[in-house]
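Below is one structure, written out as structure tokens; comments come after it.
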Amino acid sequence: MVSILITAGPTREHIDDVRFLSNASSGRMGFALAEAAMAAGHRATVVLGPVELSPPAGAEVLPVTSALQMQQAAADAFVTCDVLIAAAAVSDWRPAERRAGKPPRQPGAFTLELVPNPDIVAGLAEHKGDRVVYGFALESVSAGMAAAIERGRRKLERKRLDGVVVNLHDAIGRDEAEFVLCDPQGERALPGRGKRAAADAIVAAAVELWRERAGRGGQDGRE
């Protein structure tokens, strides 16, 4: 049994106790990855941002809200995992200061100071050892898939990942999308257009690479 850690869903970065910055990620891709991992006989742990969908039965779920919480939970779980697949849509920025309560609306413009959130997958990849680390690159539809793949390959190299799954932003909230897996050997389109079919292929590729790297052949990982 290979231990597979998955990050999924969005993060919320609170401006105050009521308002927050976030994105439209539904968590569907992360859940499909967890289902694929368990269907293949592996252990799935999901560090999950706030979503409306129910996670797949059998997966260990670690709920978080903010990027900093996701970073900590993922780092803790990373210690005992064999494969990390980072599918979460982590907010790039957070408010520099969180206000207490719900401040009343004021007339005129409002300026919000933002600071960058940590790059979770890049930080973990620095200490991966023989673990396999995959990331995702969600790119603009207007740029087109060719440009998206080019940016995905740059992310692969810059963050020292073993693979990057490229897709376009129209995949958010949908069960179908086009996915391309980029790794040091090149790129290949993943089968079908369903997220579960893509998840099966991603999990299989990551596990195969982990076994090769760890010299285990067909053996399982941590029990």
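The figures follow:
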{"item": "By average C-beta atoms within 10 angstrom, highest first, the peptides 157-168, 11-22, 36-47", "result": "36-47, 157-168, 11-22"}
{"item": "Residue-by-residue Karplus 3J(HN,Hα) for the range 130-140, coefficients 6.51, -1.76, 1.60, Hz, glycine and proline x", "result": "8, 5, 9, 10, 10, x, 10, 10, 8, 10, 5"}
{"item": "Kyte-Doolittle mean at least -1.0, axial Cα span of 27 Å or more - DSSP H helices of the chain", "result": "195-214"}
{"item": "Gyration tensor (alpha-carbon) shape descriptor, the range 1-64, a/c threshold 1.5", "result": "prolate"}
{"item": "Placed amide H near residue 47: partners under 5 Å, 5+ positions off or other chain", "result": "6, 7, 8, 62"}
{"item": "Computed magnitude of the charge dipole of the range 98-143 (debye, nearest 20; Cβ of K, R +1, Cβ of D, E -1)", "result": "440 debye"}
{"item": "Extension gain, residue 75 back to residue 196 (0.36 nm per residue minus Cα-Cα distance, nm)", "result": "41.0 nm"}
{"item": "Lysines with Cα under 19 Å of residue 155, excluding same-chain neighbours fewer than 8 positions away", "result": "128"}
{"item": "For residue 99, distant residues with modelled amide H under 5 Å away", "result": "16"}
{"item": "Per-residue HN-Hα couplings for the range 99-105 [Karplus 6.51, -1.76, 1.60; θ = phi - 60°; Hz; x = Gly/Pro]", "result": "7, 7, x, 10, x, x, 5"}
{"item": "Among beta bridges that DSSP assigns inside the chain, antiparallel share in %, nearest 5", "result": "35 percent"}
{"item": "Quotient of Cα Rg and 2.2 N^0.38 Å for the chain, N being how many residues it contains", "result": "1.04"}
{"item": "In the range 87-152, the GluC sites (Glu not before Pro) that fall in loop regions by DSSP, at most 12 other Cβ within 10 Å", "result": "97, 113, 126"}
{"item": "Residue list for the range 42-78, given a label point 7 angstrom along the Cα-to-Cβ vector of residue 114 and an amide N cut-off under 20 Å", "result": "49-50, 65-71"}
{"item": "Sites residue 157 and residue 39, calculated FRET efficiency, Cβ-Cβ separation with R0 35 Å, nearest 0.05", "result": "0.65"}
{"item": "Beta bridge orientation in the range 91-201: antiparallel %, DSSP, nearest 5", "result": "65 percent"}
{"item": "Virtual spin-label span in nm between residue 106 and residue 208, 7 Å along Cα→Cβ", "result": "5.8 nm"}
{"item": "Among 62, 37, 21 - extreme Cα towards positive end, dipole of the range 3-87, charges at beta-carbon", "result": "37"}
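Read the figures in this text as sums done on the coordinates, not as results from a lab. Since the model is a prediction, treat every value here as computed from it, not as a measurement. Heads up, the Cβs are rebuilt from the backbone with ideal geometry, glycines too, and the neighbour counts pull from every protein chain shown.
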